[in-house]
Structures are given as C-alpha cells and as structure tokens.
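Novice: For reference, the structure I am asking about is given below.
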Amino acid sequence: MTTEKKKNEKKNGTVTDFAPVLTRGAEAETTRDPSSVMTLLADSGDTGGRLTAYRSTFAEGAVGAPAHLHTAAAESFFVLDGALRVLVGEEITVLKAGDFLVIPPGTPHAFAAAPGATADVLCFFTPGADRFDYLRLLGGVMRGERDPQEIRDSSERFDNHYVDSPVWKAALGERD
C-alpha cells in the first residue's frame, strides 16, 4: 500500500485527493515529553485535510493538556486502556477503556491521566489540523529544548487557543 498523494477514482465515481494511508506501529514517528508518548499516525496533509490521528500514552500522573479550544476542528478521544480525566466546558468526567468523546469546535476542554491511572488514547481532529508540528513543538518545550513562548505564538497556526479554567485548575490542585 502506498501513501503517495494522488487522486483516486472510486468505483462509485467519487474522487478523493489522497491515497490510502497506512502507518505501521513499528515505523510510526513518536514524540515524547517527560510523562507521555505521542505516536503520529496520519496528519492533515496525508488525508486531504479530512482527518488527523495520533495515539497518546500518558504515564500515571501525567498532566496532559491545559484548558484550550479549537475554532475549526472537533477533537475526539477513544480510550484504549486506563482512564482519562477530561474537562468539557465546565464539567469534568473520567473516560475509561472503550469510552469515546467528541468535543465540538469552540468548546473549552482539557485532559490528563485520571488520578492513579495511566491512559492510552486515540486522538482525532476533524477536519484535519496540522497537529504533528504542534506535537513536535510541544514535546520540545516539555523537554526544555524549545522556548514556551513558541507555543503561545503558534495559537493561530495550530488552532490551539489556551483559556482560563478555574474548574480545571481546582481539579488539578493548582493555584491561580
């Protein structure tokens, strides 16, 4: 199977602007920070802008992502194993293995491994968003290799807009 970008005509006459995408787990690019590993599966450029997919594996106690929103993409989570604590708007819930959540554009959200748990999660953006460069940047910042200001400066490029959430801060035991 090839991942060459090309137009493929289907039997029913539908035309797509990308080839099938196959990412073998053993060959997938990963990016790491001190508490998580992200396995990059398919980025927006691979799928004609339709989808971005990656797998996030969080260690016990991993803080995940602070409160943020996306203006153009829905973000979805499918928990493969463990438990993921998620903020959606002002409500916090825990997703367990087999649970699936879709967060619409414009909805503040955050996530972290649930207390006392690890989490293994498939993450999707629809339509696709250029997340791989963002995840690479984030990993570099978390490892102390990149300037945190780069994250703030990239909010429009990556459609990742951080917001204040007293509910999430309280859940994580943070102070203002």
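The values are calculated or read from the model by the stated rules, or taken from the named source; none is laboratory data. These numbers come from a predicted model, not from an experiment. Note: ideal-geometry Cβ built from the backbone for every residue, glycine included; neighbour counts use all protein chains shown. With ligands, DNA and RNA removed, areas are computed over all heavy atoms of the protein, side chains included. Shrake-Rupley method; radii C 1.70, N 1.55, O 1.52, S 1.80 Å.
Novice: Being assigned to a loop (DSSP other than H, G, I, E, B), among the hydrophobic types (A, V, I, L, M, F, W, C) and surrounded by fewer than 16 Cβ atoms within 10 Å (Cβ to Cβ): is that true of Ala72 here?
Specialist: Here the answer is yes, as Ala72 does meet what is asked.
Novice: For residues in segment 113-128 being over 19 Å from Ser44 (Cβ atoms) and assigned to a loop (DSSP other than H, G, I, E, B), which is most open to solvent (accessible area, probe 1.4 Å)?
Specialist: Among residues in segment 113-128 that are over 19 Å from Ser44 (Cβ atoms) and assigned to a loop (DSSP other than H, G, I, E, B), the one most open to solvent (accessible area, probe 1.4 Å) is Pro115.
Every residue, every condition in (1) modelled with pLDDT of 90 or more; (2) crowded, with 16+ Cβ neighbours inside 10 Å; (3) over 16 Å from the mean Cα position of the chain (by Cα), yes or no:
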position	(1), (2), (3)
Leu137	yes, yes, no
Arg143	no, no, yes
Arg146	yes, no, yes
Asp153	yes, no, yes
Arg157	yes, no, no
His161	yes, no, no
Ser165	yes, yes, yes
Ala170	yes, no, yes
Gly173	no, no, yes
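Novice: Restricting segment 31-41 to residues that are open to solvent by less than 60 Å² (accessible area, probe 1.4 Å) and in a strand (DSSP E or B), which is farthest from Gly140 (Cα to Cα)?
Specialist: Taking segment 31-41 as the starting set, the residues that turn out to be open to solvent by less than 60 Å² (accessible area, probe 1.4 Å) are 31, 33, 35-41.
Those still in the list that are in a strand (DSSP E or B) too: 31, 33, 36-41.
Details: Thr31: 9, Asp33: 7, Ser36: 12, Val37: 12, Met38: 13, Thr39: 15, Leu40: 15, Leu41: 19 Å.
Here the answer is Leu41.
Novice: Report, by residue number, each residue of segment 78-111 that is open to solvent by less than 20 Å² (accessible area, probe 1.4 Å) and farther than 13 Å from His68 by Cβ.
Specialist: Those that are open to solvent by less than 20 Å² (accessible area, probe 1.4 Å) and farther than 13 Å from His68 by Cβ: Val79, Ala83, Leu84, Leu95.
Novice: From Val94, Val141, Val86, Val102, grab the single residue that is over 21 Å from Ala28 (Cβ atoms) and in a helix (DSSP H, G or I).
Specialist: Checking each option against the conditions leaves just Val141.
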